[in-house]
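These notes concern the structure reproduced below.
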Amino acid sequence: RFLEEVLQETCDSFSRRVRLYEPIVDQFLGRVANEVFSDSGVHQLVPLKDSLQGFEILVKQSLQCLTDLLNNDEDMLALLITEQSEAQSK
């Protein structure tokens, strides 16, 4: 149950960020479409690019963490034992 809650929170958080980024990117691209090859257009893209790259890194790190967990038999067994113990105590 714990893993499900963490995954749900992570997915919700990422979905919120995507919903926040989408209109910003659309508006920004519409505004700088004609300026993209000028110096000012390129400079305006840098903060957005950096922010999106930071988000991409966070998503990749989260995916790697989940993959490592799922591939680790000891960790998965510990989660199962904890879940079984909690279920028995209810």
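A short reminder: the numbers here are calculations on the coordinates, not readings from a lab. From a predicted model like this one, the values you see are computed outputs, not experimental measurements. Cβ: placed from backbone, ideal geometry, glycine included. Neighbour counts: every protein chain shown.
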Toy charge model, Lys and Arg Cβ at +1, Asp and Glu Cβ at -1: the chain dipole around Cα centroid in debye, rounded to 20, equals 380 debye
Once both label points are put 7 Å beyond Cα along the C-beta direction, the Glu74-Leu58 separation in nm becomes 3.1 nm
For the chain, whose charge dipole is built from +1 on Lys and Arg Cβ atoms and -1 on Asp and Glu Cβ atoms, the candidate among Leu69, Tyr21, Ser89 with its Cα farthest towards the positive end is Tyr21
Checked against the positive end of the charge dipole of the chain (+1 on Cβ of Lys and Arg, -1 on Cβ of Asp and Glu, about the Cα centre), the farthest of Gln53, Gly30, Leu7 is Gly30
The equivalent-ellipsoid semi-axes of the chain, taken as the square roots of five times the Cα gyration tensor eigenvalues and listed largest first in whole Å, are 43, 14, 6
